[in-house]
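Notes follow the structure.
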Amino acid sequence: MRPTAAALIPIFLQKGSKKWRFSQLLEQVRPVMDETALLVELESLVEEGWIEKDAKGRYALALLGRVFIAEVQTRYEEAYVYLDPLALKITLGDFRKLRVLPGEKVEVEIHAIYPDQVLGRLLRRVTPSTRTFVGIVEEGRNRRLYVTPQQPPLGIDFQLPKETPSSLVGQKVALRFLSWGLKYPIGEIIQLLGPPGQHETEIHAIMFEFDLPEGFSDEVIAEANELPDSIPPQEAARRHDFRDIPTFTIDPEDAKDFDDAISFRILSNGLFEVGVHIADVGYYVRPNTALDREAYARGTSVYLVDRTIPMLPERLSAHLCSLLPYEDRLAFSVVFQLDSKANIQATWIGRTLIRSQYRFTYEEAQNVLETQRGPFAEELHLLNALAKQIHHRRLKEGGIRFETEEIKFHLDEFMRPTALYIKERKDSHKLIEELMLLANRHVALFLSQQRGIPAVYRVHDMPKPDKLKALQVFLEGFGYEIDTRSARTLTQSLNQLVEAIEGKPEAHIIQAVAIRSMPKALYTTNNIGHYGLGFTHYTHFTSPIRRYPDLLVHRILAAVLEGTPSPYPDGKRLAELCRYSSQREKLAEQAERASIRYKQLEYLSQMQGKELEGIIVGIESWGFYVELTQSRAEGLIALRSLPTDIYEIDPYHHSLKGRYTRQRYRLGDLVRVRVIGIDFDRRLIDLELVNA
């Protein structure tokens, strides 16, 4: 289903099961859709049976009585499921009374629809939960051992079997569900993680929480080891040879693999030839092999604060498929001919043989750009000029200027954070980014022209109307506005917003909230374009070492170029691969954020009692949230910690005001705070105002 069609369902829910006139819906969906687009989406939903249309042309949800199977999720006591492909939340009730756990597959019937809420009835259990729960072993009054899951938080105790040794009391463990007892679920310990608060214990807890593997099976390692070290002469002969063309890689200083390289030369006709060369992982990882099955199961490489959990074994990721200097390597390449204005005059896509002549770190490449001295100084200078023109044109054509912050830590020998810093993005980063975007865009465009061949796209929809309204309200609290009259005016005003906040204390938090208001980019076979980038066609082609969808794209592209049948002729099966890859990507991002959060807390634990600067980023009836300027960690100043008064929140959550003291706390205010408590288990920070 098109994301734009699914976005209509929350609008219908505003009135529960009541009917909507077309004009009412049109008012709600602007600027996301115009009249024609809305009509198309409504007819699509009617045809698929999600909504119904009466004789008077009014529309209403057609969900009552629908039966489906889904996976249980929980928040506090509430159990719920999502109805695919609408991503619609269906509330089931108290999970303890229902005796269900997160991760359990159940059959559900929708039995009631209210404004902003759909209720479901649990019909039967399909499969028990296979989730891993993490918590600390405790001893109860009856001397039985139990664990209350901390991650994910779950308000129920798991009883442990009677034979569980009491020596485990106080230890953090990973456990899985066995069965329901008379009152509580029974779980068994599958791994002892260690004493709480220790680095290895907490990182392994995160790995279990997000289902991240620790190593590769013997079968996968053996298959990787059987791959030949050298490139067969017949394989080299069938490829376009780029080994004599100036080629280099630019990567982070601590990179272990180099999966993209850039070549550059000036042609006799005065045009610039720019090659984007990507490791040809598909040559080594063939469909339905142990390596392929493991890569699919992982979906992506995961980057925690202290380690990388790779998608592929080291023999591939760090050797055979790593574009190391002075080594012949197999690549899949997109080669552009550009004029001095960065206009594309010709494009070639194909399998190549390359040899990188230099390995730059981003810092080294930046130094060459700034001094215009060093290896490949002329090539880097010209590439940077082209990249800036490509970037400028992309924004002019509808791309948004959002930039996310990347938090990094300096860790000592005991893995304790001694310093925290924000990674700065400079021209060397942006140069590579623009060239990768260009290659991804043109591969997607090429694949879209192959009729009858399903392909993988990376899509990003426009924000939903309710998210846009929430963003408007948030920005008003900081004194900014956005124009939502149309998609174009929205993009323009978002770019103007980014320009207006540059260098201001609230800049990064506004960008972060604006990005969160956007739908998540995902993989799909249904190309709707990429709103954030302003592209009608976009895919992921440039990182097959660390992203499974890129490997799918390589395989489909190779089949098209070689005139052989696509390995994925079934569009439904390819769509399933895309959905699973999107899910694994989401888990990886959550795990990465959890590891960063843990290190932020550990860093702040060394600063308890010290005065710190922060900015108010959220206001609620129970207090307000402050993001600490230096660490970017967010903590709560509870209402009870403020001077005695009756505090009133304004209707738009822009400020909190004391009725008698007249003290006002507003979004964007800079404040001085002190850390008074850190809850590592729930990953929460308690703050208090200094001189409140």
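Counted as qualifying within the range 1-115 are the helices (runs of 4 or more DSSP H) with 1 or more residues that are of a type outside the set (Asp, Glu) and touching a residue at least 60 places away in the same chain (Cβ under 8 Å), namely 3-6, 9-13, 22-29, 95-98.
Before we move on, is Leu312 assigned to a loop (DSSP other than H, G, I, E, B), at pLDDT 95 or above, within 26 Å of the chain's Cα centre (by Cα) and in the same structural domain as Cys578 (by TED's automatic domain parsing)? Yes: the conditions hold for Leu312. Candidates in the range 388-407 are the residues that are over 25 Å from Arg488 (Cβ atoms) and in contact (Cβ under 8 Å) with a residue 24 or more places away in the chain; of these, the one that is surrounded by the fewest Cβ atoms within 10 Å (Cβ to Cβ) is Glu405.
Results for (1) surrounded by 21 or more Cβ atoms within 10 Å (Cβ to Cβ); (2) among the aliphatic types (A, V, I, L, M); (3) more than 30 Å from His277 (Cα to Cα), shown as yes or no for each residue.
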site	(1), (2), (3)
Met436	no, yes, no
Gln449	no, no, no
Tyr457	yes, no, no
Lys464	yes, no, yes
Val473	no, yes, yes
Glu481	no, no, yes
Arg485	no, no, yes
Glu499	no, no, yes
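When residues in the range 629-662 are screened for being surrounded by 11 or more Cβ atoms within 10 Å (Cβ to Cβ), among the hydrophobic types (A, V, I, L, M, F, W, C) and farther than 18 Å from Asp686 by Cβ, 1 of them pass.
Looking across Glu48, Glu109, Glu104, Glu52, one residue alone is under 20 Å from Ile186 (Cα atoms) and among the charged types (D, E, K, R). It is Glu104.
Scanning the range 672-692 for residues that are assigned to a strand (DSSP E or B) and in contact with an Asp or Glu (Cβ under 9 Å, 6 or more places away or on another chain) gives Arg672, Val673, Arg674, Val675, Ile676, Gly677, Ile678, Asp679, Ile685, Asp686.
For beta carbons closer than 6 Å, sequence separation of 6+ or different chains, a first residue in the range 247-264 that is among the charged types (D, E, K, R) and a second that is surrounded by fewer than 21 Cβ atoms within 10 Å (Cβ to Cβ) and not in a loop (DSSP other than H, G, I, E, B), the qualifying pairs are Glu253/Thr361; Lys256/Ala318; Asp257/Ala318. The residue that is farthest from the chain's Cα centre (by Cα), counting only those in the range 402-434 that are within 19 Å of Phe272 (Cα to Cα) and among the aliphatic types (A, V, I, L, M), is Leu431.
For the range 146-176, name all the residues that are touching a residue at least 60 places away in the same chain (Cβ under 8 Å), over 17 Å from Thr130 (Cβ atoms) and among the hydrophobic types (A, V, I, L, M, F, W, C). Listed by number, the list holds a single entry, Ile156. Taking first residues from the range 593-611 that are β-branched (Val, Ile, Thr) and partners that are surrounded by 20 or more Cβ atoms within 10 Å (Cβ to Cβ), the Cβ contacts under 7 Å between residues at least 6 apart in sequence or on separate chains come to Ile596/Val305.
Within the range 144-180, the set of residues being buried (at least 19 other Cβ atoms within 10 Å of the Cβ), part of a loop (DSSP other than H, G, I, E, B) and in contact with an Asp or Glu (Cβ under 8 Å, 6 or more places away or on another chain) comprises Gln150, Leu160. Would you call Glu613 within 18 Å of Gly477 (Cβ to Cβ) and modelled with pLDDT of 90 or more? Spelling it out, it is not the case that Glu613 is within 18 Å of Gly477 (Cβ to Cβ) and modelled with pLDDT of 90 or more. For the range 215-243, a residue qualifies if it is without any contact (Cβ under 8 Å) to a residue 12 or more places away in the chain and in a loop (DSSP other than H, G, I, E, B), and the qualifying residues are Gly215, Glu226, Pro228, Ser230, Pro232. Entry remark, the range 478-520: residues being touching a Lys or Arg at 6+ places or on another chain (Cβ under 7 Å) and part of a helix (DSSP H, G or I) number 2 in total. Residues considered: Arg125, Arg141, Arg121, Arg96. Of these, the only one that is basic (Lys, Arg) and at pLDDT below 90 is Arg141. Annotation: Val626 fulfils all but one of (1) loosely packed, with under 15 Cβ neighbours inside 10 Å; (2) assigned by TED's automatic domain parsing to the domain that holds Glu648; (3) among the aliphatic types (A, V, I, L, M); the unmet one is (1). Being crowded, with 19+ Cβ neighbours inside 10 Å and hydroxyl-bearing (Ser, Thr, Tyr) is a condition met by at least one residue of the range 58-72. Residue count for the range 39-57, restricted to those that are surrounded by fewer than 19 Cβ atoms within 10 Å (Cβ to Cβ) and either in the same structural domain as Tyr114 (by TED's automatic domain parsing) or among the acidic types (Asp, Glu) (or both): 5. Checking each residue in the range 370-387 for being of a type in the set (A, V, I, L, M, F, W, C), surrounded by fewer than 18 Cβ atoms within 10 Å (Cβ to Cβ) and closer than 20 Å to Pro252 by Cα picks out only Ala377.
Within the range 332-390, the only residue that satisfies the criterion of being under 16 Å from Ile266 (Cα atoms), assigned to a strand (DSSP E or B) and hydroxyl-bearing (Ser, Thr, Tyr) is Thr347. Being surrounded by fewer than 22 Cβ atoms within 10 Å (Cβ to Cβ), under 19 Å from the mean Cα position of the chain (by Cα) and farther than 24 Å from Lys464 by Cα holds for only one residue in Leu551, Leu561, Leu533, Leu577, and it is Leu577. Among the residues of the range 116-143, those that are of a type in the set (Gly, Ala, Ser) and either in a loop (DSSP other than H, G, I, E, B) or closer than 24 Å to Ile9 by Cβ (or both) comprise Gly120, Ser129, Gly140. Which one of these does Phe22 not meet: (1) under 24 Å from Pro519 (Cα atoms); (2) surrounded by fewer than 16 Cβ atoms within 10 Å (Cβ to Cβ)? That leaves (1) as the condition not met.
The values are calculated or read from the model by the stated rules, or taken from the named source; none is laboratory data. Since the structure is predicted, the reported quantities are computational estimates derived from the model, not experimental observations. All Cβ positions, glycine included, derive from the backbone under ideal geometry; neighbour counts span all protein chains shown.
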